[in-house]
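K.L.:
First the structure, then my questions, so here it is.
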Amino acid sequence: MKKVDVLLGLQWGDEGKGKIVDVVTPKYDIIARFQGGPNAGHTLIFDNKKFVLHTIPSGIFRDNTINIIGNGVVIDPIIIREEIEKLEATGVNVSSNLLISKKAHLILPTHKILDKYSEEQKGIKKIGSTLKGIGPTYMDKTGRNGLRMGDSVAENFKEKYDQLVQKHQAILGDYEYQDMLAEFEPKWFEAMEFLSKFELIDSEHYINQALKDGKSILAEGAQGTMLDIDFGTYPFVTSSNTVTAGTCTGLGVAPNKIGEVVGIFKAYCTRVGSGPFPSELDNEIGQNIRQIGHEFGATTGRDRRCGWIDLPALKYAIMINGVTQLSMMKADVLDSFEEIEVCTHYEIDGELFDYFPYDINALNVKPVYKKVKGWNTDLTGMRDMSEAPQEFLDYITYLERELQTPISIVSVGPDRAQTIIR
Ligand code: GDP
Ligand code: IMO
Ligand code: MG
């Protein structure tokens, strides 16, 4: 029987997941998101057009591909409606290729307000949330108070909504939110009405039946491993399991039905929002990477923090996810560098570590670097590895040896065409 392949980020998100999902989609019948929500921003560029997807899987541009939003995803009706309308305006056939799990939880306007409230309460300790209501929605899910897509057809839907909003109002007290609520609430109900034309499914039944029928399925991760609620740099993380295990709970796939796991990483590293980032370059080199790599958030527009590649964190991510192959992104951003550095270890109180320590937030972690020679060549026109400069091949060989995993995809530019499958 076929298995579900997984494609997910190994760093702090924005590795280029959307681009690679789009590239490999022709190999698959179904693309499915399993966690996260509109905190994600997945960019696709082809035929001189650019799209940013937040909730909709990145297989939506290919005809004959079914796109599923699984039970592990949280949905903001207003945002998904905007996404769908934008896609439909450019001729993409969304309504017949998009299926939504009945069990996916709904982000209410008050969840977004609670997110903002929580961040303001935390002050300088804020997470740097995208303020899309992700944390509060998952809290209501695990607190067993949430509203799900499937509830929308129930007669007492409005009553359930009101009950949840009342709970939120009790938390918010005299926090000023009435204007925000007055703006979003009518739009939210209009968007729910709009979504009623989409087919709701039990993603677990749908996917397992599809596997029996010999269909090929790719699960598309959002965020990255270092933002995972359990294994990331807690508390500076998102509120879902971004790792391979999240595919099992977020779609209803048994662990023994997981096939290939493609881990995506940048040839360097970025992070947006607060939290530890041992190999961060808070200097001119970091600024250069940001400018050349256009490292600004696809969802919030914020500057992404930039740094060198971090091998201890990558090894950790490969282990947690059971990564079977790697995809290296944005190598072209380093084209003009004479020298590239690689964080091989962390030094903590004079001792060297090659793994990610528990209390990284509190520890004084100093990155230890190895310098490697840059390739100093424009890679953006490269379409075959036979055209690659030796220094670039050496960089790949070095990483494969360190990470003990083959790099099967190399990306040298944002366009669909700038991708080399090895
Ligand atoms: P995602 O969240 O993992 O899908 O990644 P984002 O879309 O948030 O961020 C990746 C950014 O890098 C987007 O602007 C992409 O268009 C761009 N990108 C993807 N691959 C490459 C690459 O190989 N080279 C360059 N220069 N840009 C890339
Ligand atoms: P994609 O799928 C990068 C970060 C936020 C913040 C933390 C918590 O595009 O890779 P949240 O809104 O989830 O409560 O924010 O996680 N974050 C991301 N960073 N890429 C993402 O998604 C992210 N989604 C959330 O910046 O630090
Ligand atoms: Mg992104």
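K.L.:
Restricting attention to region 128-150, which residues are open to solvent by 30 Å² or more (accessible area, probe 1.4 Å) and more than 15 Å from ligand 2 (Cβ to nearest atom)?
P.N.:
Across region 128-150, the qualifying residues are GLY143, ARG144, ASN145, ARG148.
K.L.:
Quick one: would you say ASP303 is buried (at least 24 other Cβ atoms within 10 Å of the Cβ) and either away from ligand 2 (no atom under 14 Å from the Cβ) or under 24 Å from LEU131 (Cα atoms) (or both)?
P.N.:
no
K.L.:
Name the helices (runs of 4 or more DSSP H) wholly within region 225-327 that hold at least 3 residues that are more than 20 Å from CYS343 (Cβ to Cβ)?
P.N.:
Those helices (runs of 4 or more DSSP H) span 244-251.
K.L.:
Scan region 232-261 residue by residue and report those that are under 28 Å from GLY301 (Cβ atoms), over 13 Å from the mean Cα position of the chain (by Cα) and more than 13 Å from ligand 2 (Cβ to nearest atom).
P.N.:
The answer is GLY250, and nothing else.
K.L.:
Say we look at region 1-20 and pick out the residues that are closer than 9 Å to GLY221 by Cβ and more than 9 Å from ligand 2 (Cβ to nearest atom); which of these is surrounded by the fewest Cβ atoms within 10 Å (Cβ to Cβ)?
P.N.:
The residue in question is LEU7.
K.L.:
Restricting to region 24-50, count the residues that are open to solvent by less than 30 Å² (accessible area, probe 1.4 Å) and of a type outside the set (Ser, Thr, Tyr).
P.N.:
Adding up the residues that qualify gives 16.
K.L.:
List pairs: first in region 286-301 and modelled with pLDDT of 95 or more, second surrounded by 16 or more Cβ atoms within 10 Å (Cβ to Cβ) and polar (S, T, N, Q), Cβ under 6 Å, 6+ apart or cross-chain?
P.N.:
GLU295/THR270
K.L.:
Scan region 293-332 for residues that are among the charged types (D, E, K, R) and within 10 Å of ligand 1 (Cβ to nearest atom) and jot them down.
P.N.:
GLU295, ARG304, LYS330, ASP332
K.L.:
Any residue that is in a helix (DSSP H, G or I), within 16 Å of ligand 3 (Cβ to nearest atom) and modelled with pLDDT of 95 or more - is there at least one of those in region 131-145?
P.N.:
Yes - at least one qualifying residue is present in region 131-145.
K.L.:
When the residues of region 380-422 are filtered to those that are within 13 Å of ligand 1 (Cβ to nearest atom), farther than 18 Å from LEU314 by Cβ and assigned to a strand (DSSP E or B), which remaining residue is most open to solvent (accessible area, probe 1.4 Å)?
P.N.:
Step by step, filter region 380-422, then rank; the result is ASP415.
The values are calculated or read from the model by the stated rules, or taken from the named source; none is laboratory data. The model shown is predicted, which means the values in this text are computed figures rather than measured ones. So basically every Cβ, Gly included, is an ideal-geometry build from the backbone, and we count neighbours across all protein chains shown. Keep in mind that these areas ignore ligands, DNA and RNA; they rest on the heavy atoms of the full protein, side chains included. Shrake-Rupley method; radii C 1.70, N 1.55, O 1.52, S 1.80 Å.
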